[in-house]
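The values are calculated or read from the model by the stated rules, or taken from the named source; none is laboratory data. Quick caveat: nothing in here was measured; it's all calculated off a predicted structure. Using ideal geometry, Cβ is built from the backbone for each residue, glycine included, and neighbour counts are taken over all protein chains shown. Calculation scope for accessible area: heavy atoms of the full protein, side chains included, ligands and nucleic acids excluded. Shrake-Rupley method; radii C 1.70, N 1.55, O 1.52, S 1.80 Å.
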Amino acid sequence: VAVVDPPAGASRRGVLSAFASSQLTKYLPGGGVVQAAGQAEMSALAGVPRSRVVAALPLSVLAAVVAAGWFAVPLAFDAHLQTWARVVALCCIAGPVVLQPRIGSVVVTLAGRVLRRPVAADAAPPMTALRRSFLLALGNIGCTSAAYTVLLNDAGVSVAWPRGIGAFAAAWAIGFLVLPLPSGIGVREAALVAALPGIPSAALLTASIAHRLVSLPAEVVVAGGARYGRARAEGQRAGRDRT
């Protein structure tokens, strides 16, 4: 919602409901592709021009991946990992540098070419919206990575918080970028095994499955709450119009 930056006349609650509802479609065959299409169509129904949504989607992905990369930085000091992986993790500390107008414009242009839907310059959201999206993504990914670390430690292994959070954030980003797979299933788990060498695979997979089982109902609750809030706001607006 932050990166879409709904224009005047659009329903902010409607855009929030569109995002929350589209989150559930990532579990369907097609994964992130279906999710992105759902976001675009449902946001359009809330009054946001499709061109604006098309411009916002790649920028929201950029903000989320950069945020995840920040949490992965502690892996640079993990002696269990290969040197190349530690170098990549260390480079992630410079990720926010890409959150600037020139790079944002390039990302939007490339996305328009891939989708074969050229995006007008004025359709791209302001960079302040992108930075807000980055800060919100930090909170979201930080919490979900911490949740995984709690589950992993409860699975019978002892993992330091920076290492557990960094590994899950990195694995989440990798799975997130593999758009066709439902919620990056399989890819995220493989990345976790690679990012946490020395930890029994059974514990990593058990914690990952538990995390997915907890995340799904949480997302259903959020989507339901967003839809209820939108319906209530629309009902109140209709009541005011009648009077």
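Mean projection of the alpha-carbon convex hull of the stretch 26-79 over all orientations, in nm²?
Details: hull surface 20.4 nm².
Averaging across all directions leaves 5.1 nm² for the Cα convex hull.
Rolled with a 1.4 Å probe across the full set of protein chains, the surface gives Val65 an accessible area near 40 Å².
Working from label points 7 Å from Cα in the Cα-to-Cβ sense, the Ala37 to Met127 distance is 3.5 nm. Label-to-label distance for Ala160 and Leu205 is 2.8 nm, based on points extended 7 Å past Cα in the beta-carbon direction.
Measuring with a 1.4 angstrom probe and ignoring ligands and nucleic acids, Tyr148 comes out at about 0 Å² accessible.
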